[in-house]
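First the structure, in the form of structure tokens, and then the observations on it.
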Amino acid sequence: MKRVIEVEELTRVEGHGRIEVVIEGTEVKDVKMAIFEGPRFFEAFIESVHYEKVPDIMRRICAICTASHSLASIRTIENAFDVKVTEQTKILRDLLIHGEMIESHALHVFMLALPDFLGFPDAIRMASKYPKEVKAALQLKHAGNMVHNIVSGREVHGMNERVGGFSKVPSEKELKDIRTAMVATKPTAELAVKLFAEAEIPKYAESENTLMALDPGEKFGFMGDYVLVSDGTRHPVQDYLSLTNERTVKHSHAKFSSYKGSSYMVGALPRILLNKDKLEGTAAELYDEHKDLLTSKNTLMNNLAQAIELVHSVDRCIEDIDILLSNGLKDEGLVEVEPKASRGVGAVEAPRGILYHDYIFDENGCIVKANVITPTAQNAANMEKDYRVAAERMIKEPDEKLVEAFEIIARAYDPCISCSVHLTRIR
Amino acid sequence: MAESEKPKIGIFSLTGCGGDQLMILNMEPVLLELLSRFDIKDFQEGSSYKEEGELDIALVEGSVSTKTDLERLKEIRERSKMLIAIGDCAISGCVQAMRNGQMSMAERMKKVYGVDEDYYDVLEPKGLSSYVKVDLEIPGCPIEKDEILHAITSLLHGDMPEGIDYPVCVECKLNGYPCVLVEKGMPCLGPLITAGCNARCPGLGLDCIGCRGPIPEEANVAAEVKVLLEKGYDEKYIFNRLRFFGGNFEDVQNLTKKFSEKTEKEEEE
């Protein structure tokens with residue numbers, strides 16, 4: 001007997017995706033994660049655009065991780081043209097990406113993932129029983145958006161971070177306002193850890209996973225020039241093509257990735273597990289308290305890892321602001337850039353995992369070729385692997401149980417489907 | 001207000017970045033209060049709850065970029081008394097329309113996926129009004145929170161919100177910002193672009209890239225091109241700039257076409 005189990009349209013995720021699993025008798029025959037969000041062809045239309053405005057266009061690949069795209073784009077351009085930025089710029093960028101992590105994780109953890117575990121279709125209806133928690137979550141998300149507003153210029157598709165620095169440096173008062181909001185909302189980030197640590201997180205997808213995350217350097221963070229893999233290897237980001245090995249598949253507008261022939265995972269869980277020794281303060285304590293839950297085998301623990309990153313990010317925003325204020329804010333202007341014919345690769349950890357940008361420029365600094373590999377595209381094959389594992393384990397369960405499981409697995413990865421649909425290979 | 005008396009609303013997205021729905025979710029301090037005024041029947045990004053049937057208001061973001069988008073749009077139009085396009089994608093196709101009329105879908109498909117056009121059911125990206133009747137358009141990439149809040153509250157009171165028909169320059173002057181185009185020679189598109197952003201970019205010392213789209217039937221594209229040429233920018237640079245958010249605008253398309261014909265002729269000679 002043939003059973004086709006379908007999640008027609010994933011909800012509480014960014015963008016449009018469908019899951020289809022075919023079971024014949026006692027065997028799972030086929031598993032498909034179809035991404036039917038329309039392709040947008042960024043790599044094709046960015047050709048011939050002058051570098052200075054490239055980040056403004058490329059950040060529009062995604063709204064939730066707009067600053068991740070803009071910072072990946074800026075880092076790529078600066079790598080291509082050997083631009084060295086100031087210490088103040090580096091700290092402001094660190095502040096920006098941590099603010100983005102708060103905005104994105106607060107939305108995902110509380111509004112999109114948590115309703116599954118508390119039995120509601122959405123956060124709005126969840127607010128009827130948990131009004132205090134939902135309001136607090138919105139305040140936490142708002143604190144993250146304050147960073148976007150003040151450092152980047154607005155919540156979505158800001159413009160203030162540029163190649164070579166920041167157009168306008170935030171004022172002391174603005175930074176102090178962010179600091180106050182972060183201090184006030186830290187308990188909410190800790191509450192997120194508590195809620196997910198106490199929730200019954202299903203184990204139906206438990207299986208071996210290869211993990212990848214950027215090496216952030218000395219301290220836990222979201223930018224780096226090397227990739228760590230759970231097989232113990234470390235690679236420069238320039239080698240990303242051999243780490244991702246993308247291929248086009250008919251059933252999805254996103255290409256699929258593999259490493260050494262098998263799928264892999266990027267995101268909060270890989271970051272926490274590969275860089276756990278670099279966590280500090282409350283986040284380190286919370287990791288220690290829950291390290292038995294945080295296993296590489298259960299990708300559903302990604303939500304708990306995101307919650308720990310929320311705590312880390314709130315603390316880091318406060319720390320960055322303290323350093324900026326004690327150094328004194330300087331109106332430095334942008335570093336001089338000399339474009340040349342060259343290639344650059346840059347990466348950041350977007351909320352959902354490693355994001356690569358790769359550009360080739362002509363001698364005037366205009367794009368000849370571009371390639372972007374997003375975290376959700378990298379995770380797609382691993383998500384299919386998890387659906388397969390869950391389907392095999394739950395083969396005797398009714399369809400609706402399987403549908404529920406597939407949706408919960410998908411959401412745990414916090415997929416950003418808009419991001420994933422537009423990929424190319426530099427030939 | 002009883003649930004049955006609340007206006008029935010659906011929030012939908014076609015092809016885009018999801019940024020306009022996100023701006024609604026970003027209204028953190030008023031979000032719960034605002035949403036409680038409506039009976040939300042469909043909101044894929046925010047809820048698993050879904051109900052068929054007639055809607056009083058449909059908010060639609062994203063461009064029509066696939067045949068699936070088009071089918072969904074027609075279904076939404078069919079069931080909605082009022083259809084509101086939110087954001088540039090839904091109005092004019094936004095950045096993904098940048099090469100419309102310049103690069104075929106087959107070429108885009110080949111470049112990005114390395115496969116033929118009919119591999120996926122793609123269409124050249126366009127706004128909703130190219131296919132169905134749109135009752136109101138709210139511009140921006142992304143939309144401004146104040147503007148959408150104002151529009152929604154006006155509709156709740158039975159009023160039709162009015163659009164903005166003057167350029168970014170007006171807001172720039174009101175703020176007393178120095179003109180980045182005249183004084184610094186930066187390639188600012190402010191004179192062409194619909195205001196409503198409170199001249200955010202000039203306020204940060206940056207030139208407007210046009211993310212709210214040209215002012216409908218008002219923008220003088222040829223005059224802007226002339227000024228930028230005088231400032232020393234070459235035509236390729238200028239037309240790329242105009243196309244970031246103006247790929248589907250007739251003036252921009254016609255001027256680009258003239259320019260590329262001229263370049264081809266020069267190359268032949």
With a ≥ b ≥ c taken as the square roots of the eigenvalues of the C-alpha gyration tensor of region A:187-254, please select rounded if a/c is under 1.5 and otherwise prolate if a/b is larger than b/c or oblate if it is not?
-> oblate
Counting DSSP beta bridges in the protein assembly as shown, what percent are antiparallel, to the nearest 5?
-> 70
Quick one: check the C-alpha center-to-center distance for region A:168-194 versus region B:145-217, whole angstrom.
-> 30
Across peptide A:56-64, what mean number of C-beta atoms from other chains lies inside 10 Å of a residue's C-beta?
-> 6
Just name one of A:Gly267, A:His290, A:Val249: the one whose Cα is farthest towards the positive end of the charge dipole of region A:241-294 (beta-carbon charges, Lys/Arg +1, Asp/Glu -1).
-> A:Val249
Enumerate the amide H contacts of B:Ser47 below 5 Å, restricted to partners 5 or more residues apart or on another chain; note that Pro and chain-start residues carry no placed amide H.
-> A:Arg12
For each of A:His290, A:His69, count neighbouring Cβ atoms within 10 Å of the residue's Cβ, then give the residues from fewest to most.
-> A:His290, A:His69
How large is the dipole of region B:3-156 about the Cα centre if only Lys and Arg carry +1 and Asp and Glu carry -1, each at its Cβ, rounded to the nearest 20 debye?
-> 320
Taking a straight Cα-to-Cα line shorter than 25 Å from B:Lys226, and setting aside same-chain lysines fewer than 8 residues away, one finds A:Lys53, B:Lys173, B:Lys184, B:Lys236, B:Lys257, B:Lys258, B:Lys262, B:Lys265
Region B:12-152 - Debye-derived log10 I(q)/I(0), Cα point model, q = 0.10, 0.19 Å⁻¹ = -0.36, -1.12
Using Cα centres only, tell me the gap between region B:59-103 and region A:255-297 in whole Å.
-> 39
Which shape class applies to region B:168-260: rounded if a/c is under 1.5, otherwise prolate when a/b exceeds b/c and oblate if not, where a ≥ b ≥ c are the square roots of the Cα gyration tensor eigenvalues?
-> oblate
Could you pull the Cα extents of region A:274-363 along its three principal axes, largest to smallest, in whole Å?
-> 53, 37, 18
So if R0 is 22 Å, what FRET efficiency would B:Arg77 and B:Glu218 give, r being the distance between their Cβ atoms, rounded to the nearest 0.05?
-> 0.20
List the residues whose amide H sits under 5 Å from the amide H of A:Gly17, counting only those 5 or more places along or on another chain, with H placed 1.01 Å from N in the peptide plane.
-> A:Leu10, A:Phe36
What order do you get for B:46-59, A:373-386 when each peptide is scored by the mean count of other beta carbon atoms within 10 Å, highest first?
-> A:373-386, B:46-59
Below 20 Å Cα-Cα, how many Lys pairs turn up in region B:3-156? Only count pairs eight or more apart in sequence, or on different chains, if you could.
-> 19
Is there a simple number for the mean count of other chain Cβ atoms within 10 Å of the Cβ of residues in B:87-99, and what is it?
-> 3
Relative contact order %, chain A, counting alpha carbon pairs below 8 Å whose residues are six or more apart | 26
Using Cα pairs under 8 angstrom and six or more residues apart, how large is the relative contact order of chain B, in percent?
-> 17
Using helices alone, what [θ] at 222 nm do you get for the protein assembly as shown, with -39,500 (n - 2.57) per DSSP H run of 4 or more residues, divided over all residues and rounded to the nearest 500?
-> -12500 deg cm²/dmol
Please label the shape of region A:156-273 as rounded, prolate or oblate, based on the square roots a ≥ b ≥ c of the eigenvalues of the alpha-carbon gyration tensor (a/c under 1.5 means rounded; beyond that, a/b larger than b/c means prolate, else oblate).
-> oblate
Charge-dipole axis of region B:1-110 as Lys and Arg at +1 and Asp and Glu at -1 on Cβ define it, positive-most pick from B:Gly87, B:Met103, B:Ser63 = B:Met103
Which of the peptides A:101-114, A:170-183, A:7-20 is most tightly packed, and how do the rest follow, going by the mean number of other Cβ atoms within 10 Å of each residue?
-> A:101-114, A:7-20, A:170-183
Considering chain B as a Gaussian network with a 10 Å cut-off on Cα pairs, which listed residue, B:Asp39, B:Asp251, B:Asp121, attains the greatest mean-square fluctuation?
-> B:Asp121
In whole angstrom, and with the biggest value first, how far do the Cα coordinates of region A:42-420 range along each principal axis?
-> 63, 47, 36
Longest to shortest principal axis, alpha-carbon extents of chain B, angstrom | 71, 52, 27
By counting other Cβ atoms within 10 Å of each Cβ, how are B:Thr68, A:Thr299 ranked from fewest to most?
-> B:Thr68, A:Thr299
Can you tell me the dipole magnitude for region A:303-355 around its Cα centre, using point charges on the Cβ only (Lys, Arg +1; Asp, Glu -1), in Debye to the nearest 20?
-> 340
Work out the P(r) tail for region A:1-158: percent of alpha carbon pairs separated by more than 20 Å, whole number.
-> 65
Dividing the Cα convex hull volume of the protein assembly as shown by residue count, how many Å³ per residue is that?
-> 154
Write down the radius of gyration of region A:360-400 and its Dmax, each obtained from C-alpha positions, in Å.
-> 20.2, 62
Expressed as an acute angle from 0 to 90° and rounded to the nearest 10, what is the orientation of the C-alpha long axis of helix B:145-156 relative to the principal long axis of chain B?
-> 40
Using per-residue counts of other Cβ atoms within 10 Å, averaged over each peptide, order A:263-273, A:228-238, B:141-151 from highest down.
-> A:263-273, B:141-151, A:228-238
With the dipole of chain A defined by +1 on each Lys or Arg Cβ and -1 on each Asp or Glu Cβ, the option from A:Met126, A:Val368, A:Thr188 whose Cα lies farthest towards the positive pole is A:Val368
Specify the angular offset, from 0 to 90 degrees and rounded to the nearest 10, of the alpha carbon long axis of helix B:67-79 from the longest principal axis of the alpha carbons in chain B.
-> 50
So if R0 is 56 Å, what FRET efficiency would B:Ser260 and A:Glu289 give, r being the distance between their Cβ atoms, rounded to the nearest 0.05?
-> 0.35
Förster radius 35 Å - calculated FRET efficiency between A:Glu87 and A:Arg343 (Cβ-Cβ, nearest 0.05) = 0.85
For the protein assembly as shown, give the magnitude of the charge dipole about the Cα centre (Cβ charges: +1 Lys/Arg, -1 Asp/Glu; no others), in debye to the nearest 20.
-> 620
Mind checking B:39-52 for the average number of partner chain beta-carbons within 10 Å of each residue's beta-carbon?
-> 5
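Each value in this text was obtained by applying a stated rule to the coordinates, not by laboratory testing. Every value quoted in this text rests on a predicted model; they were computed, and no experiment measured them. All Cβ positions, even for glycine, are placed from backbone atoms using ideal geometry, and neighbour counts span all protein chains on display.
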